[in-house]
Amino acid sequence: MEVLTTIDQVRARTGEARASGHVVGLVPTMGALHDGHVSLIEAAIADGCDTLVTVFVNPLQFAEGEDLDAYPRPIEADLAAAGAAGAAWVFVPGDGEMYPDSPLTTVSVAALGDRLEGASRPTHFSGVATVVTKLFAIAGRCRAYFGEKDFQQLAVVTRLVADLSLPVEVLGCPIVREPDGLARSSRNVYLTSEQRAAAPVLHRALLEAADVVHAGERRADVVRALIENRIRSEPLAAFDYADVVDPATMRPIETIAVPVRLLAAAQFGIPRLLDNVAALPPHDLGDHT
Ligand code: AMP
């Protein structure tokens, strides 16, 4: 595995790979790699890609007062994890390589990015969309792997690729969880042991609500309230949002007649954790089983 630090190096390596008939796989990350990230790298390798992992803590997607400076940066461990998973290259640019000047050009996918995470973090998705567009421009034609863990981010990236006709195929990969259901996240390291014990309530609340949908509940507000009440029943969780959305548009649903996505977020001390699950109405469940 080769460690690359400049945009020119990435362009040269990915260009050579494509010229030899290989497909480039791109796995954008902010580092502090865990099994969730590794699953994306493994998916790219399983698809036969020459895989580029990027490790860049993108300042544009953090607002004032968020955890940009505190964000974990265990670079040696990240290189070892990417290498063990089979990455061909890891791109670790400095801030000066990515943003020699504060960018005047930004990308926003407004209607997809203004609710949910976007309501709690108003500048977040334009920061994500801008850096991802830039990584796509640097990597060139590729397959790009993103986790369903950040479900709204996946929707934003899928849409920006379609809107801007970028030569990128976006692939969503399933959420990797701890044995008790907590979604793996680089921010889980901030949890105290009590908060860690409480955090799986997020996933449990979503699963219980998905069961209610599978059993035939069609009123989204009832499902939304179930998720909220379950999270609020945990004293260490500060509830942020719960919603029932159309997975493509991220808009809220009123009546559940098609497969939907249930999403929730809550703060446990320092970290805000998010999670989501799919929920199918009974007729779709029947079709799929
Ligand atoms: P991050 O480093 O948090 O920006 O995440 C980089 C990529 O890894 C994103 O596409 C995330 O959705 C994905 N990811 C993070 N955690 C998980 C997880 N638990 N399961 C699957 N993918 C994940």
Quiz item: Stretched out fully, how many nm does the piece from Leu68 to His22 gain, at 0.36 nm a residue minus the Cα gap?
Solution: 13.0 nm
Quiz item: Using the per-residue mean of other Cβ atoms lying within 10 Å as a proxy for protection, in what order, highest first, do the peptides 64-77, 128-141 fall?
Solution: 128-141, 64-77
Quiz prompt | Heavy-atom accessible area ranking, 1.4 Å probe, most first, across Ile256, Ile7 | solution = Ile7, Ile256
Self-check item: region 53-94 residues near the modelled Asp8 label - backbone nitrogen below 17 Å, point 7 Å along Cα→Cβ
Solution: 92-94
Self-check item: Charge dipole (debye, nearest 20) of the chain; +1 at Cβ of Lys and Arg, -1 at Cβ of Asp and Glu
Solution: 280 debye
Exercise. Keeping the other protein chains in place, figure out the carbon and sulfur percent of the accessible area of the chain, with a 1.4 Å probe.
Key: 53 percent
Practice problem: Provide the net charge surrounding Ile175, with neighbours chosen by a C-beta distance below 9 Å and charges set as Lys +1, Arg +1, Asp -1, Glu -1. | Solution: +1
Quiz prompt | Computed label-point distance, nm, for sites Met1 and Ile270 using a 7 Å Cα→Cβ extension | solution = 2.5 nm
Quiz item: Which Rg and Dmax, in Å, describe the Cα atoms of the chain?
Solution: 19.2, 57
Self-check item: Where only C-alpha atoms are counted, convex hull volume of region 2-173 per residue in Å³
Solution: 110 Å³
Practice problem: Please give the helix 201-214 orientation as an angle from the longest Cα principal axis of the chain, in degrees from 0 to 90, rounded to the nearest 10. | Solution: 60 degrees
Quiz item: Under a Cβ-Cβ cut-off of 9 Å, what is the net charge of the residues other than Thr14 that fall near it, where Lys and Arg count +1 and Asp and Glu count -1?
Solution: +2
Exercise. Once you have the Cα-Cα distance between Asp221 and Ile75, take 0.36 nm times their residue separation minus that, and quote the gain in nm to one decimal.
Key: 48.2 nm
Self-check item: Heavy atoms of Asp8 accessible to a 1.4 Å probe, total area in Å² rounded to 10
Solution: 110 Å²
Exercise. Divide by every residue of the chain the summed helix terms, -39500 (n - 2.57) for each DSSP H run of at least 4, and state the resulting mean residue ellipticity at 222 nm, rounded to the nearest 500 deg cm²/dmol.
Key: -12000 deg cm²/dmol
Quiz item: How big is the Rg/Rh ratio for region 188-281, C-alpha atoms only, Rh by Kirkwood, two decimals?
Solution: 1.00
Quiz item: Using Cα atoms only, what is the angle between the long axis of helix 75-85 and the major principal axis of the chain, expressed in degrees (0 to 90) to the nearest 10?
Solution: 90 degrees
Quiz item: So in the chain, what percent of DSSP beta bridges are antiparallel if you round to the nearest 5?
Solution: 45 percent
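The values are calculated or read from the model by the stated rules, or taken from the named source; none is laboratory data. Predicted model, so just to flag it, every value in this text is computed and none were measured. Neighbour counts run over all protein chains shown; Cβ positions are idealised from the backbone, glycine included. These area figures cover heavy atoms from the full protein model, side chains too; ligands, DNA and RNA do not enter into them. Shrake-Rupley method; radii C 1.70, N 1.55, O 1.52, S 1.80 Å.
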